[in-house]
1. As a quick test, which of the pairs LYS159/LYS202; LYS3/LYS140; LYS166/LYS203; LYS150/LYS216; LYS3/LYS166; LYS140/LYS166 have an alpha carbon distance above 21 angstrom in this structure?
2. Compute the FRET efficiency between LYS216 and ASN134 as 1/(1 + (r/R0)^6), taking r as their Cβ-Cβ distance and R0 = 22 Å, and round to the nearest 0.05.
3. Pull out the extension gain between LYS3 and GLU19, defined as 0.36 nm times the separation in residues minus the alpha carbon to alpha carbon distance; nm, one decimal.
4. From the square roots a ≥ b ≥ c of the eigenvalues of the alpha-carbon gyration tensor of region 109-179, which class results: rounded (a/c under 1.5), prolate (a/b over b/c), or oblate?
5. Where the Cα atoms of region 51-128 are projected onto their three principal axes, how long is each span, largest first, in whole Å?
6. Once every DSSP H run of n ≥ 4 in the chain is given -39500 (n - 2.57) and the sum is divided by its residues, what mean residue ellipticity at 222 nm do you get, rounded to the nearest 500 deg cm²/dmol?
7. Given points 7 Å out from each Cα along the Cα-Cβ axis, report the ASP190 to ASP208 separation in nanometres with one decimal.
8. Grab the alpha carbons of the chain, take their convex hull, and tell me the volume per residue in Å³.
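Read-outs: derived from the displayed coordinates by stated rules, not from any lab. No experiment lies behind these values; they were computed from the predicted model shown. In this analysis, Cβ positions are derived from the backbone assuming ideal geometry, glycine residues included, and neighbour counts consider all displayed protein chains.
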Amino acid sequence: MFKILIIEDDLKMREIILENIHRWGFDGLYVKDFNQVFNEFINYEPHLILLDINLPSYDGFYWCGKIREVSKVPIIFISSRNSNMDIVMAINMGGDDFVQKPFSLEVLMAKINALLRRTYDYMSTEANVIEHRNLILNLKDSTVSYNDKKVELTKNEFKILYVLMKDKGSIISRDSIMRSLWEDENFVDDNTLTVNINRLRKKLEDLDIENYIQTKKGQGYIII
């Protein structure tokens, strides 16, 4: 699970962001003691940081510099300061993106997802295949095989099966699967997911494997 550290002085703002992060299935933590920002970063080991410029004691530029001394973790600046100088300073200090307040939570989450994808290739540290119950998903050519049969999967079919096989034994919600199908800010709706699930099931049936993906009504899908 990706961990996101929020360094934001506005209590209401950071609680709203934290709630939204949790809704997306990420782990989140916000800094309470702004004299301990660096220690919070070291102890929490986040995959991404949301960093305001205006902070007590030291500003966001200072903390960005301190973090960049030891880590390349993605940093998104979130600030009401929007002069060209502020944006240039944020990027020069090591920020990866800049979001101006007030902002849409949907836009912020799209940027978070895009930056996480660019930074942590979800297949980069995996083996070339995933196998479960003799079904083999090839991560290099997006094919799935069972016994002596093999079929090709579309990009969305592949991602759905990857998510379900990677967390086999766990119920994966429809919302979680739809989020995995996003490409940058292109939204995948509920109907698109249903169509892709049905096509994927048909292809698995063509391999002579039935009921591989089970529906948990009102909860999502699971591979057992």
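1. Where the Cα-Cα span goes over 21 Å, the pairs concerned are LYS3/LYS140; LYS150/LYS216.
2. 0.45
3. 4.4 nm
4. Prolate, since a/c reaches 1.5 and a/b exceeds b/c.
5. The Cα atoms of region 51-128 stretch 46, 31, 21 Å along the principal axes, largest first.
6. On the way: 8 runs with 90 residues, N = 224.
Theoretical 222 nm ellipticity from helices: -12000 deg cm²/dmol.
7. Reported label-point gap for ASP190 and ASP208 is 3.8 nm.
8. Looking at the chain, the number lands at 136 Å³ per residue.
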